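The values are calculated or read from the model by the stated rules, or taken from the named source; none is laboratory data. Here the structure is a predicted model, which is why all the values come from computation and not from measurement. Don't worry about glycine lacking a Cβ; one is built from the backbone with ideal geometry, like all the others, and counts go over all protein chains shown.
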Amino acid sequence: MSQAQHPFGIDFGGTGIKGAPVDLDKGDFANDRERISTPKSSTPDAIAEIFVDLLAKFPDSDAPVGVTVPGIVRHGVVRSAANIDMSWIGTDADKLFTKATGRAVHVVNDADAAGLAEVRYGAARGQSGLVILTTLGTGIGTAMLNDGVLVPNSELGHLELDGHVAEKRTANSAREKDELSMQAWAERLQAYYRHLERLFTPDLFVVGGGISKRAAEFLPMIDLDTQIIPALLLNRAGVVGAALHAAEA
Ligand code: BGC
């Protein structure tokens with residue numbers, strides 16, 4: 001496939017916006033990734049301008065573009081904004097970004113994108129049955145895939161546990177905010193994953209998010225009946241999963 005035909009993936013995160021054309025045969029970037037810092041005011045219009053700049057760095061392509069969004073996405077419309085500007089709620093992001101960039105843009109929940117990438121190319125490759133991927137970051141994102149098929153917008157970071165929204169106490173941001181030792185954080189993770197296990201009896205948990213590169217410091221302290229393993233694509237999962245979503249949309 002020529003460079004110009006590779007779908008483009010954009011990972012829209014709280015600190016950076018990263019994008020690259022993705023070679024779907026390899027499940028990896030086809031070119032070096034570009035990164036632009038996320039502006040303070042991250043309204044949909046401000047982000048659209050950044051996507052225009054980002055795509056201008058790859059002028060020869062008209063392939064579809066996938067974009068991760070840290071919120072519920074239904075038919076291209078963003079439905080929640082737990083950790084982003086409230087003005088995202090109700091925004092038809094597919095339409096807005098397609099109009100702004102002149103490319104066919106398809107948005108997807110950030111954890112769902114990571115789940116698609118890990119099942120196709122990463123830690124859950126070849127796994128049958130139910131896989132639950134969790135991303136431990138500012139919030140907790142989740143993706144549920146059964147026999148490789150995504151059930152979108154599972155939002156299990158918002159389960160209520162001991163009277164709290166789970167992600168508020170268990171996300172990596174909570175570890176930082178409460179200055180928890182890995183051991184103390186692992187206790188919270190233990191309660192969270194046990195709860196998910198009771199509800200869904202998955203075949204495999206995959207743990208993603210930036211902190212997953214330090215999985216050796218906390219995963220061994222989590223005791224479950226279900227196998228729990230770190231994600232493999234690390235900070236490439238969003239871009240790769242977004243491109244995959246766009247190619248299949
Ligand atoms: C949002 C999810 C998102 C997760 C990770 C949560 O607060 O509700 O949609 O996937 O954070 O960014």
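Could we say that S154 is in a loop (DSSP other than H, G, I, E, B), out of contact with any Asp or Glu (no Cβ under 6 Å at 6 or more places or on another chain), within 22 Å of A114 (Cβ to Cβ) and not assigned by TED's automatic domain parsing to the domain that holds F12 here? So S154 passes the test. For the stretch 153-176, the condition of being over 14 Å from the mean Cα position of the chain (by Cα), of a type in the set (A, V, I, L, M) and more than 16 Å from the ligand (Cβ to nearest atom) holds for none of the residues. A single member of G139, G210 is small (G, A, S) and surrounded by fewer than 18 Cβ atoms within 10 Å (Cβ to Cβ), and it is G210. Using the structure shown, decide if G9 is closer than 22 Å to P152 by Cα and surrounded by 17 or more Cβ atoms within 10 Å (Cβ to Cβ). Spelling it out, G9 is indeed closer than 22 Å to P152 by Cα and surrounded by 17 or more Cβ atoms within 10 Å (Cβ to Cβ). Here A191 meets each of (1) closer than 21 Å to Q127 by Cβ; (2) hydrophobic (A, V, I, L, M, F, W, C); (3) surrounded by fewer than 18 Cβ atoms within 10 Å (Cβ to Cβ) with one exception, condition (1). Looking only at residues of the stretch 91-106 that are in contact with an Asp or Glu (Cβ under 8 Å, 6 or more places away or on another chain) and in contact (Cβ under 8 Å) with a residue 60 or more places away in the chain, we find that the one that is farthest from the ligand (Cβ to nearest atom) is R103. Out of D53, D62, one residue alone is acidic (D, E), surrounded by fewer than 17 Cβ atoms within 10 Å (Cβ to Cβ), touching a residue at least 12 places away in the same chain (Cβ under 8 Å) and touching a strand residue (DSSP E or B) at 6+ places or on another chain (Cβ under 7 Å). It is D53. Can you confirm whether the stretch 230-245 contains a residue that is over 26 Å from G66 (Cα atoms), out of contact with any strand residue (DSSP E or B) (no Cβ under 7 Å at 6 or more places or on another chain), of a type outside the set (V, I, T) and surrounded by fewer than 16 Cβ atoms within 10 Å (Cβ to Cβ)? Taking every residue of the stretch 230-245 in turn, none turns out to be over 26 Å from G66 (Cα atoms), out of contact with any strand residue (DSSP E or B) (no Cβ under 7 Å at 6 or more places or on another chain), of a type outside the set (V, I, T) and surrounded by fewer than 16 Cβ atoms within 10 Å (Cβ to Cβ). Here T142 meets each of (1) touching a Leu at 6+ places or on another chain (Cβ under 6 Å); (2) polar (S, T, N, Q); (3) away from the ligand (no atom under 11 Å from the Cβ) with one exception, condition (3). Against the test of being near the ligand (Cβ under 10 Å from one of its atoms), at pLDDT 95 or above and crowded, with 23+ Cβ neighbours inside 10 Å, the options A114, A124 yield a single qualifying residue, A114. Of all residues in the stretch 67-90, how many are within 15 Å of the ligand (Cβ to nearest atom), more than 19 Å from H158 (Cα to Cα) and in contact (Cβ under 8 Å) with a residue 40 or more places away in the chain? Of the residues in that region, 1 qualify.
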